[in-house]
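Inspection log for the structure reproduced underneath, given as structure tokens.
The values are calculated or read from the model by the stated rules, or taken from the named source; none is laboratory data. Source: prediction; values computed, not measured. Here the Cβ is made from the backbone with ideal geometry for all residues, glycine too, and neighbour counts use every protein chain on show. All accessible areas refer to the heavy atoms of the entire protein, side chains included, with ligands and DNA or RNA removed. Shrake-Rupley method; radii C 1.70, N 1.55, O 1.52, S 1.80 Å.
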Amino acid sequence: MPRPPAPTERPRGRRDPESTRRALLGAAIGEFAEKGLAGARVDEIAARAGVNKQLVYHHFGTKEDLYAAALEAVYAEIRAQERALQLADLAPLDAMERLVGFSFDYLAAHPEFVALLNDENQHAARHLRASPGLRRMHSPLIDLLGETLARGAAEGVFRDDLDPIDVYISIAGLSYFYFSNNRTLSAIFGARLGTKAAIGRRRRHVIDFTLSALRP
């Protein structure tokens, strides 16, 4: 008996636009992280996503628009995971330890986030400045951090002169610098700072250092 012909599959983008958009975003994040805005090519992003190049323009517009969308996506992901930490339900010291540990672990697990931020800094953050959504998504985190610091100050476990933006920048900087400059730091100090043991030591140091700075 003859085998029935295989069904013809419709293009993924037409069948499921949302899946296509997600695939393109994922591919764009990887491509921009590896090659930067200047080096990434739209046809390579489309090939990586398994779709026709025209769908990139259909869903996102220009390559610059896709780059901005990739930045928004990686920031939205880390902000969503920060919200899931439930810091308001914890004692101030526990909340700050959880936040600092999470921030460190996230950068360790997401080198593409570090790479995209490095590249955007090379472009003077013009895509971030043009995105009101990116600015809005940071406000709840800063508000929550401010509330946590205020609770800690009221309980006498934190100083009462801490600015939440300053504290956030310090937390981010202690971890971000370690990962963004890991290879050069390893070369300068003749150490293997990318090993699991070295990363674990650095994580404990960052948490202890931050909590010590917050105490009265």
Query raised in the report: Within the stretch 78-90, how many residues turn out to be surrounded by 14 or more Cβ atoms within 10 Å (Cβ to Cβ) and aliphatic (A, V, I, L, M)?
Result: 4
Query raised in the report: Among the candidates 197, 187, 172, which residue alone is of a type in the set (Gly, Ala, Ser), under 21 Å from residue 148 (Cα atoms) and open to solvent by less than 90 Å² (accessible area, probe 1.4 Å)?
Result: 172
Query raised in the report: Inside the stretch 139-153, can you point out the residues that are at pLDDT below 95 and either more than 16 Å from residue 79 (Cα to Cα) or surrounded by fewer than 14 Cβ atoms within 10 Å (Cβ to Cβ) (or both)?
Result: 139, 140, 143
Report task. Of the numbered conditions (1) more than 18 Å from residue 87 (Cβ to Cβ); (2) open to solvent by less than 60 Å² (accessible area, probe 1.4 Å); (3) more than 16 Å from the chain's Cα centre (by Cα), residue 114 fails exactly one; give the number of that condition. Result -> (3)
Report summary line: Note: among 75, 67, just one is open to solvent by 20 Å² or more (accessible area, probe 1.4 Å) and not acidic (Asp, Glu), namely 75
Report summary line: Restricted to the stretch 46-57 and to residues being closer than 18 Å to residue 68 by Cβ and open to solvent by less than 80 Å² (accessible area, probe 1.4 Å), the residue nearest to the chain's Cα centre (by Cα) is 49
Requested in this report: Starting from the stretch 19-30, take each residue that is more than 14 Å from residue 115 (Cα to Cα) and without any contact (Cβ under 8 Å) to a residue 40 or more places away in the chain and list its partners that are among the charged types (D, E, K, R) and in a helix (DSSP H, G or I), counting only C-beta distances under 6 angstrom and pairs at least six apart or across chains.
Outcome: 20/12; 27/48
Query raised in the report: Do we find that residue 94 is more than 30 Å from residue 41 (Cβ to Cβ), open to solvent by 20 Å² or more (accessible area, probe 1.4 Å) and more than 15 Å from the chain's Cα centre (by Cα) in this structure?
Result: yes
Query raised in the report: If the Cβ limit is 9 Å and pairs must be 6+ apart or interchain, which residue in the stretch 67-90 that is in contact (Cβ under 8 Å) with a residue 12 or more places away in the chain pairs with which residue that is hydrophobic (A, V, I, L, M, F, W, C) and surrounded by fewer than 17 Cβ atoms within 10 Å (Cβ to Cβ)?
Result: 68/130
Query - Selected residue (only one of 16, 65, 43 is among the acidic types (Asp, Glu) and either within 19 Å of residue 133 (Cα to Cα) or within 16 Å of the chain's Cα centre (by Cα) (or both)) - result: 65
Query - Selection count where residues are open to solvent by 70 Å² or more (accessible area, probe 1.4 Å) and under 17 Å from residue 208 (Cα atoms), scope the stretch 154-169 - result: 2
Report summary line: When every residue in the stretch 21-45 that is open to solvent by less than 20 Å² (accessible area, probe 1.4 Å) and of a type in the set (A, V, I, L, M) is compared, the one farthest from residue 107 (Cα to Cα) is 42
Query raised in the report: With 169, 188 as the choices, which residue is more than 23 Å from the chain's Cα centre (by Cα) and farther than 16 Å from residue 95 by Cβ?
Result: 188
